[in-house]
2 protein chains.
Amino acid sequence: MNPDIVKERQNATFDVEKLTNILDGGPEKTKRRREIEALVQNDPDFEEDDPNFLSRSERYDQAVRKSAQMILKIREYGIADPEEIFCYKNCVHHNRPEPLDLHLGMFLPTLLNQATPEQMDRFFMPAWNLHIIGTYAQTEIGHGTHLRGLETTATYDPATQEFVLNSPTVSSIKWWPGGLGKTSNHAIVLAQLYTRGNCHGLHAFIVPIRDMSTHEPLPGIVVGDIGPKFGFNEVDNGFLKLENVRIPRENMLMKYAKVEPDGTYMKPPSAKLTYGTMVFIRSMIVGASACALSKACTIAIRYSAVRHQSEIRPGEPEPQILDYQTQQHKLFPLLAMAYAFSFVGQYMKATYHRITEDINQGDFSEMPELHALSAGLKAFTTWATSSAIEVCRMSCGGHGYSRCSALPDIYVEFTPMCTYEGENTVMMLQTARYLVKSYRQVKDGQQLSGIVSYLNEAEHRRVQAQPVTARPTVVDINDLASLVEVYKLRAAILVELATKSIQEELQHRKSQEDAWNNSAIDLVRASDAHCHYVVVKLFTDKLGEIGDTAVHSVLSSLALLYALYGITQNSGDFLQAGLLSVPQVLQISGHIKELLSQLRPNAVALVDAFDIHDKRLNSVLGRYDGNVYEQMFEWARRSPLNSTEVHESFHKYLKPLRSKL
Amino acid sequence: MNPDIVKERQNATFDVEKLTNILDGGPEKTKRRREIEALVQNDPDFEEDDPNFLSRSERYDQAVRKSAQMILKIREYGIADPEEIFCYKNCVHHNRPEPLDLHLGMFLPTLLNQATPEQMDRFFMPAWNLHIIGTYAQTEIGHGTHLRGLETTATYDPATQEFVLNSPTVSSIKWWPGGLGKTSNHAIVLAQLYTRGNCHGLHAFIVPIRDMSTHEPLPGIVVGDIGPKFGFNEVDNGFLKLENVRIPRENMLMKYAKVEPDGTYMKPPSAKLTYGTMVFIRSMIVGASACALSKACTIAIRYSAVRHQSEIRPGEPEPQILDYQTQQHKLFPLLAMAYAFSFVGQYMKATYHRITEDINQGDFSEMPELHALSAGLKAFTTWATSSAIEVCRMSCGGHGYSRCSALPDIYVEFTPMCTYEGENTVMMLQTARYLVKSYRQVKDGQQLSGIVSYLNEAEHRRVQAQPVTARPTVVDINDLASLVEVYKLRAAILVELATKSIQEELQHRKSQEDAWNNSAIDLVRASDAHCHYVVVKLFTDKLGEIGDTAVHSVLSSLALLYALYGITQNSGDFLQAGLLSVPQVLQISGHIKELLSQLRPNAVALVDAFDIHDKRLNSVLGRYDGNVYEQMFEWARRSPLNSTEVHESFHKYLKPLRSKL
């Protein structure tokens, strides 16, 4: 064990295990998580070659091998709780996406939700037993978020009682679905349904794409891998071009909408039935942000504790990097953010389950709020996390660029979350739509409930976008409740500003749509402020649940740092609105410096509390024992370029060059 | 040609070729650049396999092949001007770093600067003719920016008149030098010189590391590749462990410092002789930032012109992404930044050459300023560019993640610039040191000249960090000269704030060093504001040189956007200092929206003016003809995972799984 890191742990002021339990949701959850992790980590079937040293094809091959093992073991051990399955899977694949993700996460659930009993009989057990391996093919090469733009067609032919599927243009080729390229033999294809000459919009069809026995593509199917990407090397994201592919009428998922044998179309009873999955996935992404950021912080902070560099006082030995104020200022606000997002993730999960219960009992009232919240927080947390991972990486100096640090991989596996499951800017605008609607309801005299209820107060207080110099400055910058209040007022003011912008555009005779587009910058800003408020509030609320004094104290410092740092990063908003005075903003800068010093002795303990096992972290820089350089040297020596002392290029090019010059 | 992009070009209000000439530095430079590019692009010897489809070893192999060809051709064609060589090389290697970079860029120049005539006789021609291939081994696994911390030793043994080189610890292993792993047979090793029992600090030694004939590592040498990284796949960054390696006394580079045969050490006449190279490289990096950002903007803006998505007005066809205000707000400020950095790059190059002339004539007076400026601007431009490339990438939706977009590679090849040649935070603090020193000189009654002369005025005007409500707001937000002025005042105020912070710390009985460290956040902020001012100023100055009215007009809009956007991103600073009023900040937001609309018709023409040939851009999304999706499909089909219809993993794992479930 590196002596620096031993000393760091001795300096901690709180019991790490207690904080771990809070993050897990209780001591019994910590215990169970560790049991599951141990199951995987001690299982020789999951040993792997370092993916950094493999080709793309080898990485895919290894991932398929582990996924197949994983399916067997999960059933063997009888792990059935979805959260436990998720934990097991993440352990097996080190949080990397894997080839069966869409089979397990989209194909099977879609069958469960949208297949008729007859279709369940035909498809579910074969799919459960991996005879059928499926994916979910929605996105096309030229079409993403906007579903109405999708071009794939499914035209009903009553003569044969079949649907004929086609990709009529290049831009309509299905593109990106995970597992589509090489792994799947079936796909649920989203296509515009045509019957009796009318288009009835998007519907889902089960399309066999490869021969069940030989795995060769079926006639009319052009399928393959979309080529190398930024990350996602284990997954065969694929393309699918359909050329007059005929499937039986019974392959349309008909639990809701139906096409009769004669081609008569029957509408679904409600259009919003698949709403839930989307909200669920976006809520999960908030937790995934916390997870990725926790890893990055663990690596950067542990390495900063053992890395000595440069000098503060001449003549003295090189200090730990973590003693530099600039390094603390880079990392501690991100550490605070990792905790903030962890608690927001817990809240989103709990809220999702609560509202799902309500929905099952017929109460849909909170759904729009949850939808808006999950969209905004998905964007807010993924953007922040994506940038933060890179700050962590760059805070490690040159070694952050080495794949053995794990940081490049954490980044490339995480950053796609900014784009998939709803592109972030589109998400922010969806939340903005809800905020503007809510604001207008208040203006119309309605009383709002739930998380946007602050818009009632805002109207009540006649908050103005201009600073009111006379407004008494009641903010206490050491008091979280007071800071929650200013974040709330900032959000209210920016929602009001955005709404005003729309109104002004309308006064210039713009259409509703153009007015919206011409206010989009303000709308995104309002959503951002709303989400920021929610995060500060939820972090503060969480403190109320913490009984242990020492843990409460350190988490309070983190929450305060999170809130104050956010103010300095957006100080213009707070000054502009007259919510804070100039001396207060200066005080806040000073207070942040104090918090950095205060958190310094607990920094390593705070990342230890994330309890990310070395095998899961998989980072030479982030090792628990701090023995970084020895292991880095060992790792480098195993690199494929070192398998021979002399690379063949010497004999091929460099030696012959001598005689030519 | 895609009709959308044709229309975009028809809408441009200025002559693209004229702007290209301005960027190149004159029509004749444009002509010559294109000649050189054509030389490479039409040369079948430089055809390459798509690196995205190759293994690391194959990529290295291909790069060595092309580098060898490049050396031959440059000599064959008699290309001798360093800038032309640089252009040729970038064309051959698509701006990617290559295995001979350090041989050409560090080994040969170091010989030229630091070798004695005798050493030149022994080493230069063999190195020139690639018998000797060398690298420059400074960084160690545990030591980077802080040179005094390096641990490698070179101990003189008068008995044999040899130096004995050693890597005494794991942390002293040389790490990162390009070309060290596999390519080089010599290294210039930086080591602590010991003779007669005294350490004389870092000196440079020429160390043979591989056999000239077999290329096998020599006795006592442990050398190899440091393993896969984030980018830099073509380069064998290497490690080097020295175990009692003996080299003749004559292998120490002795143009300045010397060790006599008896071990007597003779000091160099001046310690600052190698200062210039560092400044030169950092100045070049500013230009490299502009280049990388221009590429990223070209891809994102062209693709946004041909990509249709979602809807603004219901029922109408999907609009071009570029018509969304949010997309314009993401990309146009970055386009403005690309132009700003291009002009700053031109300025730095010119200034470097001017000051080098002065130095050759014995005038060192401007060196400290250039050193401070190149350090700060290196950090300022690389941080901004690194983030901006990712914004460009994410603005392309899912396809930005595909390697065929080229954006992932632009990012991973660029982002290391934030760390090498001086870690950015360290660079910012170096600039801050100069600023604080200058500020104190003013306080002491000195009159400053050069770029920091604004600190004279600041003192003169008694600028305060607190807002002076009574101060007349004279800023005209439509006038660049006026905006340069507020950026200047902001910088002056933040330099003052940082200096005050140091003073306050000193009053709390902190040592100078601790006071500095405890003010580091403020110091970095001051440097950042200083650099921002310089960039706005240089962009504005450049406009004065532009004769063509149409080009002047569009560049003025860009400069204004750059300046105003920077204010909104840092509005807290301007409000806090009372430099702008709240209504002005609101006006600026409105004005930015107008500028976005104004620039919209010229967006494609403005990236066309960067004149980056399709072969150099190498991006499916950024193609000049806009035919994106057809080419993406073609590219994907060539992906190695599609070389067989059925991947072997099906037979190995998925089919056998069926019988086990």
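What follows draws every value from the coordinates through simple rules; no lab data is involved. All values reported here derive from a predicted model rather than from experimental measurement. Cβ: placed from backbone, ideal geometry, glycine included. Neighbour counts: every protein chain shown.
By the count of neighbouring beta-carbon atoms within 10 Å, fewest first, B:Ser172, A:Ser659 end up ordered A:Ser659, B:Ser172. With all pairs of separate Cα atoms included, the stretch B:72-196 yields a Kirkwood hydrodynamic radius of 16.3 Å. Here chain A is assigned +1 on the Cβ of each Lys and Arg and -1 on the Cβ of each Asp and Glu. Its dipole about the Cα centre then comes out at about 1120 debye. For the stretch A:64-77, 3J(HN,Hα) computed residue by residue from phi via the Karplus equation (6.51, -1.76, 1.60; θ = phi - 60°) reads 5, 4, 5, 5, 5, 4, 4, 4, 4, 6, 4, 6, 4, 7 Hz, glycine and proline entered as x. Using a Förster radius of 45 Å, what is the FRET efficiency between B:Lys31 and A:Lys18 based on their Cβ-Cβ separation? Nearest 0.05, please. So, using R0 = 45 Å, E works out to roughly 0.05. The H on the amide N of B:Arg246, modeled in the peptide plane, is under 5 Å from the matching H of B:Leu165, each at least 5 residues off or on a different chain.
Once every DSSP H run of n ≥ 4 in chain A is given -39500 (n - 2.57) and the sum is divided by its residues, what mean residue ellipticity at 222 nm do you get, rounded to the nearest 500 deg cm²/dmol? For chain A, the value works out to -17000 deg cm²/dmol. The other copies place their A:Glu35 label points at 7.8 nm from this one, listed shortest first, where each point is 7 Å from Cα along Cα→Cβ. Only Cα sites of the stretch A:554-645 enter the Debye sum here, all with the same form factor; the resulting log10 I(q)/I(0) across q = 0.12, 0.13, 0.20, 0.22 1/Å is -0.62, -0.67, -0.96, -1.05, listed in q order.
For the pair A:Glu316 and A:Lys615 in one chain, pulling the backbone fully straight at 0.36 nm per residue adds 104.0 nm over the alpha carbon distance.
Viscosity 1.306 mPa s, temperature 10 °C: Stokes-Einstein D of the stretch B:388-438 from its Kirkwood Cα radius, in µm² per second? Answer, rounded: 123 µm²/s. Mean partner shielding of peptide B:399-406, defined as the number of other chain Cβ atoms within 10 Å of each residue Cβ, is 6.
Taking every DSSP beta bridge that has both ends in the stretch B:137-226, the antiparallel portion is near 80%.
Taking θ as phi - 60° and the Karplus parameters 6.51, -1.76 and 1.60, the scalar couplings of the stretch A:249-262 work out to 3, 6, 8, 7, 6, 10, 4, 10, 6, 9, 10, 6, x, 7 Hz in sequence order, x denoting glycine and proline. I need the calculated FRET efficiency for the pair B:Ile359 and B:Asp625, taking r as the beta carbon distance and R₀ as 56 Å, to the nearest 0.05. Plugging the Cβ-Cβ distance into 1/(1 + (r/R0)^6) gives 0.70. Evaluated at q = 0.18 Å⁻¹, a Debye calculation over the C-alpha positions of the stretch B:469-614 (equal weights, vacuum) places log10 I(q)/I(0) at -1.05.
Put in line by how crowded their Cβ is, counting other Cβ atoms within 10 Å and starting with the fewest, A:Ile592, B:Ile79, A:Ile285 read B:Ile79, A:Ile592, A:Ile285. DSSP beta bridges fully contained in the protein assembly as shown are about 80 percent antiparallel. Shape annotation for the stretch A:1-117: C-alpha extents along the principal axes are 59, 38, 22 Å, from largest to smallest.
Here the simple spin-label model places points 7 Å from the Cα toward Cβ, and for A:Arg246 and B:Glu58 these points are separated by 4.1 nm. Using alpha carbons only, the radius of gyration of chain B set against its Kirkwood radius gives Rg/Rh = 1.00. Spin-label model, B:Leu147 to A:Arg9: label points 7 Å out along the Cα-to-beta-carbon direction sit 3.9 nm apart. Among A:Val442, B:Val495, the ranking by other beta carbons within 10 Å of each residue's beta carbon, starting with the fewest, stands as A:Val442, B:Val495.
In terms of its C-alpha gyration tensor, the stretch A:55-139 has a prolate overall shape, because the principal axis ratio a/c (a ≥ b ≥ c, square roots of the eigenvalues) is not below 1.5 and a/b outweighs b/c. Distances between placed amide hydrogens fall under 5 Å for A:Ala137 paired with A:Ile188, A:Val189, A:Leu190, all partners being 5 or more residues away or on another chain. Residue pairs exceeding 25 angstrom between C-alpha atoms, taken from A:Lys18/B:Lys510; B:Lys437/B:Lys537; A:Lys258/B:Lys660; A:Lys660/B:Lys29; A:Lys89/A:Lys255; A:Lys330/B:Lys229: A:Lys18/B:Lys510; A:Lys258/B:Lys660; A:Lys660/B:Lys29; A:Lys89/A:Lys255.
Distance between the pseudo-spin-label points of B:Met125 and A:Asp476 (7 Å out from Cα toward the beta carbon): 8.3 nm.
Only one residue of A:Tyr347, B:Leu579, B:Ser453 has its Cα farthest out toward the positive end of the dipole of the protein assembly as shown, where Lys and Arg carry +1 and Asp and Glu -1 on Cβ, and that residue is B:Leu579. Values of log10 I(q)/I(0) for the protein assembly as shown across q = 0.07, 0.08, 0.09 Å⁻¹ run -0.75, -1.01, -1.32, by the Debye formula with one identical scatterer at each alpha carbon and no solvent.
In a reduced charge model with +1 at each Lys and Arg Cβ and -1 at each Asp and Glu Cβ, the protein assembly as shown shows a dipole moment near 680 debye about its Cα centre. Per-residue 3J(HN,Hα) values for the stretch A:590-600, derived from phi via the Karplus relation 6.51 cos²θ - 1.76 cosθ + 1.60 with θ = phi - 60°, read x, 5, 4, 4, 4, 4, 4, 5, 5, 7, 3 Hz in sequence order (x marks Gly and Pro).
With R₀ set to 51 Å, the beta-carbon distance separating B:Asp49 from B:Gln512 gives a calculated FRET efficiency near 0.35.
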